[in-house]
Amino acid sequence: MSRQGNVEFWYKTLEQGFANGDPSFYAILVALLVGIITLFVVFIRLGKKNNRRGILMMGACDGGKTLMFSRLTANKYVETYTSIKENTGNYELTGDKTGTLRMIDLPGHERLRSQYFDQYKASARGIMFVVDSASLQKDIKDVAECLYTILTDGFVSSAAVPILIACNKQDLTLAKGAKVVQKQLEKEMNTLRVTRSAALEGTSDTGNNNTFLGRRDRDFQFADLKPFTVDFVECSARGSNGTDGDGELNQVIDWLQKIA
Amino acid sequence: MLDLFTIFSKGGIVLWCFQSTSEIFTPSVNALIKSVILQERGGNNAFDHEALTLKYKLDNEFELVFVVAYQKILQLSYVDKFLNDIQMEFRDKYKDDLTQGNLSRNFNFTEDFKTLLKIAEDNVRKEAQKPKVMKSFEESQKSKKTVASMIENKKETPKSVKEQKKKAAEAMKVAKAAEQTTVSNGTLDEETIRKNIEKKFGLNKKPKAEKAKTESPDANKKKGKQARKWDKGGTAKEMRELDFSAANGDGDKGKDRDLDETLPTEEDLAMLGSMSGNLGDLEEESSEEEEESEEEEEDTPVQQKSAGKSKGFGMFNVFKGLVGSKTLTRDDIQDVLNKMRDHLISKNVAADIAAKLCDSVATKLEGKVLGTFNTVASTVRNTLQEACVQLLSPKRRIDILRDAMEAKQQNRPYTIVFCGVNGVGKSTNLAKVSFWLVENGFRVLIAACDTFRAGAVEQLRTHTRKLNALHPPTKHNGMQMVQLYEQGYGKDAAGIAMQAVNYARDYKLDVTLIDTAGRMQDNEPLMRALAKLIKVNQPDLVLFVGEALVGNEAVDQLTKFNQALADHSQMENPRLIDGIVLTKFDTIDDKVGAAVSMTYITGQPIVFVGTGQTYTDLKNLNAKAVVSALLK
């Protein structure tokens with residue numbers, strides 16, 4: 001049967017079906033339509049790449065995550081204590097990009113960190129790592145360890161989630177600048193990647209994550225973490241006098257605009 | 001009189017705060033959160049920090065925390081009630097905002113707070129002005145004691161009743177079988193058989209009588225002193241009435257009663273099957289853990305309770321259940337919690353730790369709104385799982401290699417002391433740790449401070465020789481990687497340890513591992529010696545070596561070791577145990593409870609896990625794997 005004959009045959013069948021008004025014919029037609037629509041919807045969903053809208057705010061305790069969260073979501077100054085649970089809220093984008101980002105402020109306490117990170121990492125569009133620039137000298141080991149766990153995480157490295165290291169508390173006189181923070185963290189990460197890759201295996205079969213960060217032939221640099229982009233910015237969630245509408249988060253907001 | 005009253009969300013955002021002084025309270029509140037709420041010590045709500053006493057209350061429905069702080073020297077009796085009042089008032093006033101999760105508004109609560117505080121303080125003043133009356137029975141220590149013991153009984157009796165019921169059913173079967181056989185044999189007459197059955201049922205009646213006894217003081221509790229005569233059960237007269245055992249049940253009356261009361265048990269059992277079809281919710285979760293026969297019986301009270309409730313509201317309740325606006329109360333979760341506690345104990349968690357954990361979970365869940373398709377059992381289970389993971393995740397960084405590296409830069413040896421009771425594997429695991437350190441390029445000095453047990457030094461010497469054979473000096477620029485420092489037997493361990501640390505410093509060795517003699521926690525002279533060793537040497541890490549096989553004993557060992565180190569050091573801030581080595585982990589299968597008990601008591605992380613006899617059998621603890629084994 002020729003191609004034209006084939007088309008003709010189907011056309012005829014269709015015409016006949018309409019003429020007869022056979023209910024089963026209509027049923028088949030509707031079913032076909034529904035199937036096609038469903039396929040379309042599924043394709044559209046899949047085609048829309050990276051629909052993760054969450055920005056995880058992480059970092060050690062007392063870094064100023066919750067205050068920054070409050071500043072970004074409600075533009076309000078609040079007193080805070082150690083978080084027991086996560087805070088979530090929406091951040092409205094301004095400027096050329098529109099839409100909202102879901103800000104998720106995770107507790108920084110060691111006991112809770114990993115649990116909440118595992119819970120929320122799948123929705124991470126970006127990770128904001130908040131560092132207390134004033135007490136960095138003292139807490140450098142803990143801060144670096146926390147950052148190391150994030151960087152070596154399977155999901156984060158496979159999805160190449162962009163990371164912002166926000167050097168908070170710039171309002172304090174003894175605060176270190178972003179350059180110094182970066183240098184210190186790089187130095188600490190350099191030792192940490194040696195000790196951590198030599199750490200013992202876990203008790204279960206899964207083993208521990210022994211990814212080696214950066215390049216083996218030279219000292220650790222954030223620039224070497226190829227799939228990642230790690231940015232450093234200075235900011236101050238408290239601002240000069242701690243009132244509503246205060247606070248210097250311009251660079252953080254720029255970053256949010258960039259990755260949105 | 002209150003220094004601070006603050007209301008904040010669980011996320012850490014302060015909603016409202018009252019402060020009577022200009023002191024900074026943030027560190028105190030943070031300390032409360034870190035050392036009480038996050039350590040799963042939710043059962044007790046008071047906490048002392050420096051000169052302050054802090055009390056807190058969790059509101060699980062709206063995820064709020066209420067904290068009050070006052071000077072430790074003040075005895076404020078109204079605080080607990082006041083916390084409750086404020087909680088109610090605050091919830092009422094801002095219900096709409098709280099339900100919508102709108103925490104960014106301004107909460108002008110100061111007026112209400114001041115009125116409530118004034119009322120509370122006035123009440124106290126009035127109380128104080130009244131002539132002092134004698135303590136009533138309820139206030140005395142004694143009444144508390146009775147209540148406490150009663151609660152224990154209450155927990156136990158229902159279980160025993162169930163067990164007895166089960167036994168009754170079994171006994172019935174056995175008796176029936178016996179009847180059949182004996183009838184066919186014709187050796188026993190029917191009268192004896194019935195008596196036998198009665199004897200068995202008579203046994204089963206006893207717990208019911210006990211229950212009646214324990215419940216009655218509950219009812220009489222408020223009557224005051226009268227209740228005391230119930231302390232150890234009823235009078236002789238009542239006992240005869242309540243005793244349905246075979247001896248008294250000889251008469252016809254007794255017999256009838258026995259039979260009447262035993263029959264329903266069968267009906268109950270028959271009912272069980274029919275009901276579980278409709279109300280299967282709770283069972284689904286629990287069916288994994290319990291044997292079927294047990295489960296049927298244990299679930300009954302819960303099912304019946306929910307059935308009773310649904311009858312009251314009819315159709316509406318069905319929809320309500322679907323929408324999931326059910327708020328959890330203590331009673332709802334108690335049954336599931338009891339079961340969870342038993343499960344934890346069966347997994348080798350120390351009994352009182354299991355109870356405390358369940359208490360903490362209860363405080364966390366009380367008032368929480370149940371999600372749409374969540375059952376009580378699954379909610380409790382998830383919360384318990386979270387709590388256990390949280391407990392087992394270390395509260396501080398543990399990276400021995402990093403710290404040893406830092407010590408090396410400072411030109412001093414990194415010192416680790418291993419202590420523990422006899423035969424838990426201190427020396428074996430010390431050898432494993434030194435192998436791991438040597439593999440990572442550290443030079444190790446082993447100090448043989450077990451100067452007591454015969455062969456202890458020789459054991460370490462053998463290990464040293466073997467380790468040196470595995471890592472010969474030729475591979476490490478001609479340096480001997482492992483050395484042994486020993487002074488023979490019978491000397492003072494603290495002195496040897498100090499000499500060893502000095503030796504390590506002089507010869508530029510990186511890590512000193514101090515092996516101590518095993519000692520029982522009750523042996524005071526030896527505990528004193530250990531405290532001295534630790535005080536003199538100030539090691540970087542004090543590791544307690546404990547075997548994973550222990551159950552309730554773990555609590556005793558660890559508390560006594562910690563106590564001894566605190567008592568005998570005569571220092572302001574004594575060195576306590578910094579970490580735990582859990583040995584013989586390969587022998588326990590899924591009974592991983594010791595890990596939970598040990599971390600709960602000390603709050604310290606499990607640094608190493610020993611899983612075998614060879615040098616490579618040293619692992620890190622995987623908290624998630626342990627918890628899933630625990631709740632399996």
Among B:Gln39, B:Leu117, B:Thr99 - extreme Cα towards positive end, dipole of segment B:4-129, charges at beta-carbon: B:Gln39
In sequence order, calculated HN-Hα J values of segment B:597-602 (Karplus, 6.51, -1.76, 1.60; Hz; x Gly/Pro): 4, 5, 5, 5, 5, 8
Placed amide H near B:Thr375: partners under 5 Å, 5+ positions off or other chain: none
Size of charge dipole - segment B:372-428 - debye, nearest 20, with Cβ of Lys, Arg +1 and Asp, Glu -1, no other charges: 140 debye
Computed FRET value (nearest 0.05) for A:Ile28 with A:Arg52, which takes r as the C-beta separation and R₀ as 41 Å: 0.55
Modelled FRET efficiency - R0 51 Å, B:Lys114 with B:Asp567, Cβ distances, 0.05 increments: 0.65
Inter-probe distance in nm under a simple model that places probes 7 Å from Cα toward Cβ, at A:Thr38 and B:Asp331: 4.7 nm
C-alpha long axis of helix A:110-120 to longest principal axis of chain A, angle in °: 20 degrees
Charge dipole (chain A, unit charges on Cβ, about Cα centre) - positive-most of A:Ile55, A:Thr152, A:Ser240: A:Thr152
Positive-end residue, segment B:400-625 charge dipole about Cα centroid, Cβ charges, pick of B:Val482, B:Ser569, B:Phe608: B:Val482
Net dipole in debye of segment B:552-632 [+1 Lys, Arg Cβ; -1 Asp, Glu Cβ; about Cα centre; nearest 20]: 220 debye
Members of B:Lys326/B:Lys356; B:Lys466/B:Lys619; B:Lys532/B:Lys619; A:Lys141/B:Lys347; B:Lys475/B:Lys619 lying beyond 27 Å, as alpha-carbon distances in this model show: B:Lys532/B:Lys619; A:Lys141/B:Lys347
Size descriptor, Kirkwood hydrodynamic radius, that averages inverse alpha-carbon separations across chain A, Å: 21.5 Å
Phi to ³J(HN,Hα) by Karplus 6.51 cos²θ - 1.76 cosθ + 1.60 over segment B:465-479, Hz, x for Gly, Pro: 4, 5, 5, 5, 5, 5, 10, x, x, 4, 7, 10, 6, x, 9
Projected label distance in nm at B:Ile24 and A:Lys187, using a 7 Å step from Cα toward the beta-carbon: 2.7 nm
Inter-probe distance in nm under a simple model that places probes 7 Å from Cα toward Cβ, at B:Lys466 and B:Glu89: 7.0 nm
Net length gained if the chain between B:Glu63 and B:Phe107 were fully extended (0.36 nm per residue, minus Cα distance): 14.2 nm
Long-range amide H partners of B:Lys72 with built H, under 5 Å: B:Leu52, B:Thr53
With Cα atoms, 0 to 90° folded angle of helix A:23-47 axis to chain A main axis: 20 degrees
Long-range HN-HN contacts of B:Leu15 with modeled amide H, under 5 Å: B:Ile7, B:Phe8, B:Ser9
Entries of B:Lys491/B:Lys584; A:Lys183/B:Lys408; B:Lys535/B:Lys584; B:Lys339/B:Lys560; B:Lys339/B:Lys584 with Cα pairs more than 26 Å apart: B:Lys491/B:Lys584; B:Lys535/B:Lys584; B:Lys339/B:Lys560; B:Lys339/B:Lys584
Segment A:83-91 - phi-based ³J(HN,Hα) in whole Hz, Karplus 6.51/-1.76/1.60, Gly and Pro as x: 6, 9, 10, 7, 10, 10, x, 9, 10
A versus B: buried accessible surface, summed, Å² (probe 1.4 Å, to nearest 100): 3900 Å²
Estimated dipole of segment A:53-259 in Debye, rounded to 20 [Cβ of Lys and Arg +1, of Asp and Glu -1, Cα centre]: 300 debye
Relative contact order of chain A, pairs being alpha-carbon contacts under 8 Å that are 6 or more residues apart, as %: 19 percent
Angle between chain A longest axis and helix A:136-152 axis [Cα atoms, degrees, rounded to 10]: 20 degrees
Added length on full extension, which subtracts the Cα-Cα distance from 0.36 nm per residue, B:Arg453 to B:Arg396: 17.0 nm
Per-q log10 I(q)/I(0), segment B:365-486, q = 0.19 Å⁻¹ (Debye; single scatterer per alpha-carbon; no solvent): -1.10
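The values are calculated or read from the model by the stated rules, or taken from the named source; none is laboratory data. What you are looking at is a predicted structure, and each value in this text was computed from that prediction instead of being measured. Reconstructed Cβ throughout: ideal geometry from the backbone, glycine too, with neighbour counts over all protein chains shown. These area figures cover heavy atoms from the full protein model, side chains too; ligands, DNA and RNA do not enter into them. Shrake-Rupley method; radii C 1.70, N 1.55, O 1.52, S 1.80 Å.
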